[in-house]
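Reviewing the structure listed below.
Just so you know, all these numbers are worked out from the coordinates, no wet-lab data involved. Source: prediction; values computed, not measured. As a convention, Cβ positions derive from the backbone with ideal geometry for all residues, glycine included, and neighbour counts pool all protein chains shown.
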Amino acid sequence: MTDIVHWIALALSAYLCFRLFRDLADVSQWILATSREQTMWTFYNRHKLALATGVSWLVAWWTWWQGDVGVSTLFWLVTVLAAFLFYSGYINPRLMMRAQQFTARYYSLANARKTLPADTSLIVIDAGGEARGHPDDHILRPHVAGTSDGLAGENVVMTYCGLTNMGIAYKPEIEGQQLDLGVMTQLENNLVMWDKKSGEPIQQFWGTLERTGPNGPRMPEWPSYRMPLWAFEKAFPSGRVFLNPIPHPGENPFFAVYDRIMHMIFQHGIKDQAENPEPTFPTIKRFDDRLANKELVYGVNVDTDYVAYTEDFIREHGGLLNVEIGGRNVVVAYHEDLDSVGMYYNDSGEPVATIEFGGHSDRGQLSRVETMKAQAYWVVWQNFFPETDVNRLSKAEPTTEGA
């Protein structure tokens with residue numbers, strides 16, 4: 001009887017570790033597809049699963065210690081494998097992706113130039129004359145960057161998903177409730193965060209709590225856009241840049257080694273995503289051949305009307321489009337002097353003929369469209385927003401041909 005209890009307990013412990021690994025380890029989805037329902041169930045119950053894992057293993061260890069119930073080598077092999085899976089699914093995500101909602105460090109342009117090439121792409125937010133740039137390679141590990149005092153008094157943080165190649169700036173609050181954002185995993189090649197206060201997951205694209213679904217109350221978005229470092233310096237001479245250097249061994253020996261290993265793993269995944277026509281994580285549910293999978297798009301929505309633009313299309317049409325999205329007139333512009341695409345609300349009632357970076361136009365000062373996502377991979381964008389129109393020129397109804 002003891003040997004039966006032993007093997008059942010050991011098998012249960014191994015299975016629970018596998019479940020934590022499969023659904024929460026992130027990298028497991030390179031080879032193991034898991035559904036949203038499975039992932040969320042495991043996340044909500046992760047502490048109970050971890051406790052059950054420990055109890056099962058202790059029973060297996062106790063029965064093994066008490067008598068001759070099997071080969072000790074097998075027991076320890078299963079134990080080591082289970083420990084690795086447990087660490088990868090339950091512990092590692094908290095160490096690997098340490099969000100910096102309140103603790104991000106922003107450096108002067110002089111410091112940034114010492115480590116970043118001039119053509120480094122930055123995801124930019126600005127407010128009240130202050131501007132912050134976020135290089136992909138530096139925001140890749142924390143996924144969330146901000147400071148406790150906000151930006152020029154505005155409560156705003158940058159969230160980032162390397163698999164989507166996209167940053168979204170949010171006010172981290174829903175219906176007036178402040179959120180404390182952590183990083184959970186990825187689903188369908190897009191970041192999933194979680195609110196440490198409520199325990200609720202948040203899909204980056206949706207900005208809503210999981211329990212309310214994609215149409216629930218959202219975190220308010222803050223306008224963001226991309227531009228190279230040289231252009232950022234030209235537009236914002238006093239701008240600051242987020243840098244996330246790996247600690248030196250003298251500062252923190254553990255993270256000096258650990259962060260380097262994790263960064264290499266991240267870089268491998270991001271490089272594969274950029275170079276491989278197919279998604280790195282084979283979890284995309286739908287495909288749309290109107291654009292190539294890895295085409296970079298500027299996605300935008302006004303209410304439920306979604307449109308995706310490519311930079312080439314904007315430039316081929318003179319770098320300036322007057323369109324209607326969600327019942328509002330919108331200007332889509334390529335600012336050649338700063339190599340940046342911007343989208344602006346135009347409530348003047350007349351088309352815009354000229355517009356400068358920041359929104360100054362012949363129809364007055366225009367405000368940026370807060371929902372523009374800069375240079376997201378088409379395959380991820382269309383998966384979350386299959387109703388999207390592509391390269392809209394007129395006020396015609398959006399189409400979904402090829403979806």
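Quick check: the angle from helix 253-275's long axis to the longest principal axis of the chain, C-alpha only, nearest 10 degrees? Approximately 60 degrees, to the nearest ten. Between the range 291-324 and the range 175-234, how many Å separate their Cα centres? Rounded to whole Å, the Cα centres lie 22 Å apart.
If you take Cα Rg over 2.2 N^0.38 Å from the coordinates, which of (i) 1.01; (ii) 1.57; (iii) 1.10 do you get? The calculated read-out lines up with (iii).
What number, rounded to the nearest 500 deg cm²/dmol, is the helix-based mean residue ellipticity at 222 nm of the chain, given -39500 (n - 2.57) per DSSP H run of at least four residues and division by all its residues?
Working: 11 runs with 127 residues, N = 403.
Value at 222 nm, helices only: -9500 deg cm²/dmol.
Backbone N atoms of the range 157-185 closer than 20 Å to the 7 Å Cα→Cβ label point of ILE246 belong to residues 162-163.
Round to the nearest 0.05 the FRET efficiency obtained for GLU324 and GLU278 when R0 = 30 Å and r is the Cβ-Cβ distance. Each step should come with its number before you reach the end.
Details: r = 35 Å, r/R0 = 1.15.
Taking R0 as 30 Å, the efficiency between GLU324 and GLU278 is 0.30.
The charge dipole of the chain, taken about the Cα centre with unit charges on the Cβ atoms of Lys, Arg (+1) and Asp, Glu (-1), comes to about 1260 debye, rounded to the nearest 20.
Subtracting the Cα-Cα distance of GLN38 and GLU356 from 0.36 nm times their residue separation leaves 109.7 nm of extension gain. Based on Cα contacts under 8 Å between residues 6+ apart, the chain shows a relative contact order of 14 percent.
Please give the contour-minus-distance gain from LEU95 to GLN178: 0.36 nm per residue of separation, less the Cα-Cα distance, rounded to one decimal in nm.
Values: separation 83, 0.36 × 83 = 29.88 nm, distance 2.33 nm.
Between LEU95 and GLN178, full extension yields 27.6 nm more.
Under the simplified labelling scheme, the SER367-THR2 pair shows an inter-label distance of 7.4 nm, with each label point 7 Å from Cα along Cα→Cβ.
Among the listed pairs LYS196/LYS294; LYS197/LYS271; LYS171/LYS197; LYS196/LYS285; LYS171/LYS294, those whose Cα-Cα separation exceeds 23 Å are LYS196/LYS294; LYS197/LYS271; LYS196/LYS285; LYS171/LYS294. Dipole check for the range 106-242: with +1 at the C-beta of Lys and Arg, -1 at the C-beta of Asp and Glu, and the Cα centre as origin, the magnitude is about 300 Debye. An oblate overall shape is assigned to the range 296-390, the ratio a/c of its alpha-carbon gyration tensor axes (a ≥ b ≥ c) being 1.5 or greater and a/b not exceeding b/c.
Taking the number of other C-beta atoms within 10 Å as the exposure measure, put LYS294, LYS48 in order starting with the fewest. Provide the component values of the computation, followed by the final result.
Details: LYS294 17, LYS48 10.
Ranking LYS294, LYS48 by Cβ neighbours within 10 Å, fewest first, gives LYS48, LYS294.
How do ASP26, ASP137, ASP339 line up, fewest other C-beta atoms within 10 Å first? Display every interim value, and only then the final one.
Working: ASP26 25, ASP137 18, ASP339 15.
By the 10 Å Cβ count, ascending: ASP339, ASP137, ASP26.
Report the full-extension gain for the segment TRP230 to THR304: residue separation times 0.36 nm, less the Cα-Cα distance, to one decimal in nm.
Working: separation 74, 0.36 × 74 = 26.64 nm, distance 3.55 nm.
Contour length minus the Cα-Cα distance gives 23.1 nm.
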